[in-house]
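One structure is given below, encoded as structure tokens.
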Amino acid sequence: MAPTNNITQSFPPEAPLFPEAELIRFIAPFFERRQDFMALLHNHPAPLYLLDPEVLLERASQFRQAFSDICPRTSYYFAVKSNNCPRVSEILVGAGLGLDVSSGQELTMALDLGAQEIIFSGPGKTDAELELAVKNHHRVTILIDSFLELERLAKIATGQGVTIQAGVRLTTNPEGLWRKFGIPLADLARFFLNAEQLPAVNLAGLQFHTSWNLGPEAQVRFIKILGPILAALPERHRQALQFLDIGGGYWPPQGEWLQEAGTPAGGVRKALDPDSPPSNNRYRIESRPIEFFATTIAPVLREEILSQLSCRICFEPGRWICNDAMHLLLTVIDKKGDDLVITDGGTNTVGWERFEIDYFPVLNLSRPALTERKCHILGSLCTPHDVWGYSYWGEDIQPGDILMIPTQGAYTYSLRQNFIKPLPEVVEMERKN
């Protein structure tokens, strides 16, 4: 019987309410630094993306430290798709991280930034993208996504007269939509046999990725499935493996914050009555600290993988590193009532109607207060779905006030779109001495 590897992330049937005391502890430090944030507006009017390199570097260091302390050989690659601002990647390359890219566009940026360690993953790579990777084979490792891609890569590498280092992606769910990624575990032995016939491709590693990892359970389950599959491979194939890439998908430590419409029950209520007013309730699904991921995953890696292979363990953190390193600053441009204001920036800056589902506090830096007041905070796009939130934290709200939407560094900048209004510029905070 073929092995089953249906790895999915489970969520509680109803998210618990977000304790207000914990939310206030999150908000207070932003108000304490409000003068630093607002000082940037003297030369860079809102709306703008605010990039904090110090936070970016601290998070990268914390992630590496968590795993380097307990895994013998590790490598780290920032997932560019989580925030494709070139300056973010430049800072992280300068700190010693490699880059994980998923397109020719991202690969070109990584090469232009001088990255020396690049992994190229993703389905549906074009011949032009593969040619660019092969041309830069001293810096790029390709994670092959299918049998056909293996053949196409070998043909291109042979044509260029080079040998390209590669790995193969393993799908974690061969039955759902996630089967678009990689090959089933049951096909791994056959993939090795095919690769042996193609000397221009050096098959030297494996990769898998589970997403939305609030905890390490999905990764642990897949590693336990992978171990016996490796044991059944011929010795020559095991000896060829130089790395195992266990992907990314680590959720930021504050967990997932939701509006009522983002919960299962709230979604049903909204579907039954689309015009129902939004609730002021907020919900939080907890996530595990990265140190818990490391101490949970490491012993399973030692038992199932490192007992058989002498290889590096690679990581592709994206969201976990960049989430807290970028914020949005907006200006209140119009007030249509005590419960309705319009900002000068729209949600095209984050690329989707995020805040109808996700919750993030709207902070009035001009009139700070650890008091939440109901108000529809809406953007300036010609769509009713241009929503920042249904409340703000402050003593009042008036035209000209500066609002902050904190921790918008992951899967927002990359998804931004030129829709109706221009996009903000990125402004970098000065590092502390």
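Scanning the range 78-108 for residues that are open to solvent by 10 Å² or more (accessible area, probe 1.4 Å), in contact (Cβ under 8 Å) with a residue 24 or more places away in the chain and in contact with a Gly (Cβ under 8 Å, 6 or more places away or on another chain) returns Lys81, Ser103. Whether a residue is in contact with a strand residue (DSSP E or B) (Cβ under 8 Å, 6 or more places away or on another chain) and either surrounded by fewer than 18 Cβ atoms within 10 Å (Cβ to Cβ) or farther than 24 Å from Pro123 by Cβ (or both) was assessed, and Leu206 does not pass this test. Beta carbons closer than 6 Å, at least 6 apart along the sequence or on distinct chains, pair a first residue in the range 223-237 that is farther than 16 Å from Ala204 by Cα and open to solvent by less than 10 Å² (accessible area, probe 1.4 Å) with a second that is at pLDDT 95 or above and assigned to a helix (DSSP H, G or I) for Ile223/Val300; Ile223/Glu304; Gly227/Glu304. Scan the range 40-60 for residues that are more than 24 Å from Gly346 (Cβ to Cβ) and either open to solvent by 60 Å² or more (accessible area, probe 1.4 Å) or modelled with pLDDT under 95 (or both) and report the count. Residues flagged as more than 24 Å from Gly346 (Cβ to Cβ) and either open to solvent by 60 Å² or more (accessible area, probe 1.4 Å) or modelled with pLDDT under 95 (or both) within the range 40-60 amount to 1. Among the strands (runs of 3 or more DSSP E) confined to the range 360-422, the ones with at least 2 residues that are open to solvent by 70 Å² or more (accessible area, probe 1.4 Å) are located at 372-378. When the criteria are applied in full, Phe192 fails the requirement of being under 27 Å from Gly318 (Cα atoms) and surrounded by 14 or more Cβ atoms within 10 Å (Cβ to Cβ). When residues in the range 109-128 are screened for being out of contact with any strand residue (DSSP E or B) (no Cβ under 7 Å at 6 or more places or on another chain), in a helix (DSSP H, G or I) and open to solvent by less than 40 Å² (accessible area, probe 1.4 Å), 2 of them pass. Looking across Leu23, Leu92, one residue alone is in a helix (DSSP H, G or I), over 18 Å from the mean Cα position of the chain (by Cα) and not acidic (Asp, Glu). It is Leu23.
The residues in the range 261-292 that are in a loop (DSSP other than H, G, I, E, B), of a type in the set (Ser, Thr, Tyr) and either more than 26 Å from Gln65 (Cβ to Cβ) or more than 19 Å from the chain's Cα centre (by Cα) (or both) can be counted, and the count is 3. Number of residues in the range 131-146 that are charged (D, E, K, R) and in a helix (DSSP H, G or I) equals 2. Summed over the range 62-77, residues that are touching a helix residue (DSSP H, G or I) at 6+ places or on another chain (Cβ under 9 Å), crowded, with 19+ Cβ neighbours inside 10 Å and of a type outside the set (Gly, Ala, Ser) total 3. The one condition from (1) aliphatic (A, V, I, L, M); (2) in contact (Cβ under 8 Å) with a residue 60 or more places away in the chain; (3) open to solvent by 10 Å² or more (accessible area, probe 1.4 Å) that Leu143 does not meet is (3). Pairing each residue of the range 369-397 that is charged (D, E, K, R) with any residue that is in a loop (DSSP other than H, G, I, E, B), provided the two are 6+ apart or on different chains, yields C-beta distances under 6 Å for Asp386/Gly346; Asp386/Gly379; Glu395/Arg367; Glu395/Ala369; Asp396/Arg367. Residues that are open to solvent by 10 Å² or more (accessible area, probe 1.4 Å), more than 30 Å from Gly247 (Cβ to Cβ) and either among the aliphatic types (A, V, I, L, M) or part of a helix (DSSP H, G or I) (or both) within the range 305-359 comprise Ile333, Leu340, Ile342, listed in sequence order. Within the span defined as the range 146-158, every residue fails to be buried (at least 19 other Cβ atoms within 10 Å of the Cβ), within 30 Å of Arg302 (Cα to Cα) and within 21 Å of the chain's Cα centre (by Cα).
The values are calculated or read from the model by the stated rules, or taken from the named source; none is laboratory data. Computed from a prediction, not measured in an experiment: that's the story for all the values here. Quick reminder, even Gly has a Cβ in these numbers, built from the backbone with ideal geometry, and neighbours come from all protein chains shown. Calculation scope for accessible area: heavy atoms of the full protein, side chains included, ligands and nucleic acids excluded. Shrake-Rupley method; radii C 1.70, N 1.55, O 1.52, S 1.80 Å.
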